[in-house]
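Presented below is the structure to which this report refers.
The values are calculated or read from the model by the stated rules, or taken from the named source; none is laboratory data. Because the structure is a prediction, the values reported are computed rather than measured. As a convention, Cβ positions derive from the backbone with ideal geometry for all residues, glycine included, and neighbour counts pool all protein chains shown. With ligands, DNA and RNA removed, areas are computed over all heavy atoms of the protein, side chains included. Shrake-Rupley method; radii C 1.70, N 1.55, O 1.52, S 1.80 Å.
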Amino acid sequence: ITPELLMKQAYVESNWDPNIVNSKGYTGLGQIGSQLAEDYKKANKIKGDINLLDPKVNADIQKWSMNELMNSSFINKGNSTDEVKLAKALAAYNWGRGNMSKMLVKQKDAGVDIYKSLDWLSELPKETLEYYKMITTDNFNPETRPLMQQDYLKALENDSIIQNYYKKSGGEYSVFK
């Protein structure tokens with residue numbers, strides 16, 4: 001999982017607003033839920049509370065979660081290609097691990113190659129499919145997201161409008177490294 005992918009994912013999750021809390025209680029840059037935060041604390045032997053509105057903490061959990069998903073048995077098996085593993089991890093991050101696992105089993109039982117093909121993508125919910133596409137393509141639709149391709153690419157450089165916005169909102173690009 002690259003810093004660029006995590007940065008792009010955080011944009012799709014939160015528009016890089018580290019203070020956002022959605023109606024379901026998902027919080028911050030990576031839209032981290034309470035169960036994921038608890039899993040992170042347990043895996044990293046952290047006692048006490050953590051502040052999900054802290055951009056560094058939130059980005060650390062996002063990065064940990066994506067790496068944990070990429071290495072999980074239901075994603076990292078069958079000699080899956082890196083492209084397929086990433087697609088599965090992003091879909092699981094967005095739609096939920098259980099939903100993703102069940103759908104993959106159904107697709108495999110129906111004869112779909114879930115290890116080297118992306119044919120199963122068509123079975124994802126529309127929101128999850130769009131989520132995957134927004135993160136994995138360089139072509140953003142400015143009518144559905146205010147981020148343009150050239151602005152995203154500039155954000156990966158030292159100084160840009162988007163990176164400055166992100167810094168003003170309390171974030172630092174280094175949290176994704």
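Look at region 116-131: where a residue is on the phi < 0 side of the Ramachandran plot and a partner is open to solvent by 40 Å² or more (accessible area, probe 1.4 Å) and of a type in the set (A, V, I, L, M, F, W, C), sitting 6+ places away or on another chain with Cβ atoms under 7 Å, you get L124/W95; P125/W95; T128/W95. Restricting attention to region 27-39 and to residues that are modelled with pLDDT of 95 or more, of a type outside the set (G, A, S) and closer than 20 Å to Y131 by Cβ, the residue that is surrounded by the fewest Cβ atoms within 10 Å (Cβ to Cβ) turns out to be Q35.
Within region 55-75, track down each residue that is open to solvent by 30 Å² or more (accessible area, probe 1.4 Å) and at pLDDT 90 or above.
Step one: filter region 55-75 for residues open to solvent by 30 Å² or more (accessible area, probe 1.4 Å), giving 56-57, 60, 63-64, 67-68, 70-71, 73-74.
V57, D60, K63, W64, N67, E68, M70, N71, S73, F74 - these are the residues of region 55-75 that are open to solvent by 30 Å² or more (accessible area, probe 1.4 Å) and at pLDDT 90 or above.
The set of residues from region 77-93 being farther than 19 Å from K8 by Cβ and either touching a helix residue (DSSP H, G or I) at 6+ places or on another chain (Cβ under 6 Å) or of a type in the set (G, A, S) (or both) comprises G78, S80.
One residue alone among K24, K85, K42 is open to solvent by less than 70 Å² (accessible area, probe 1.4 Å), of a type in the set (D, E, K, R) and either out of contact with any Lys or Arg (no Cβ under 8 Å at 6 or more places or on another chain) or in contact (Cβ under 8 Å) with a residue 60 or more places away in the chain (or both), and that residue is K85.
I'd like the full set of residues that are of a type in the set (G, A, S) and either loosely packed, with under 13 Cβ neighbours inside 10 Å or farther than 18 Å from T136 by Cα (or both), limited to region 88-115. Explain how you work it out, then say what you get.
Residues of region 88-115 that are of a type in the set (G, A, S), as a first pass: 89, 91-92, 96, 98, 101, 110-111.
Across region 88-115, the qualifying residues are G96, G98, S101, A110, G111.
Among the residues of region 68-78, are any free of Cβ contacts under 8 Å to residues at least 12 places away in the same chain and more than 30 Å from S117 (Cβ to Cβ)? Looking for residues that are free of Cβ contacts under 8 Å to residues at least 12 places away in the same chain and more than 30 Å from S117 (Cβ to Cβ), one finds none in region 68-78, hence no. If you go through region 92-107 and keep only what is free of Cβ contacts under 8 Å to residues at least 24 places away in the same chain and in a helix (DSSP H, G or I), you end up with A92, G98, N99, K102, M103, V105, K106, Q107.
Out of contact with any His (no Cβ under 7 Å at 6 or more places or on another chain), among the β-branched types (V, I, T) and farther than 24 Å from V21 by Cα: is that true of V57 in this structure? No: the conditions fail for V57. Scanning region 1-24 for residues that are of a type in the set (S, T, Y) and assigned to a helix (DSSP H, G or I) gives Y11, S14.
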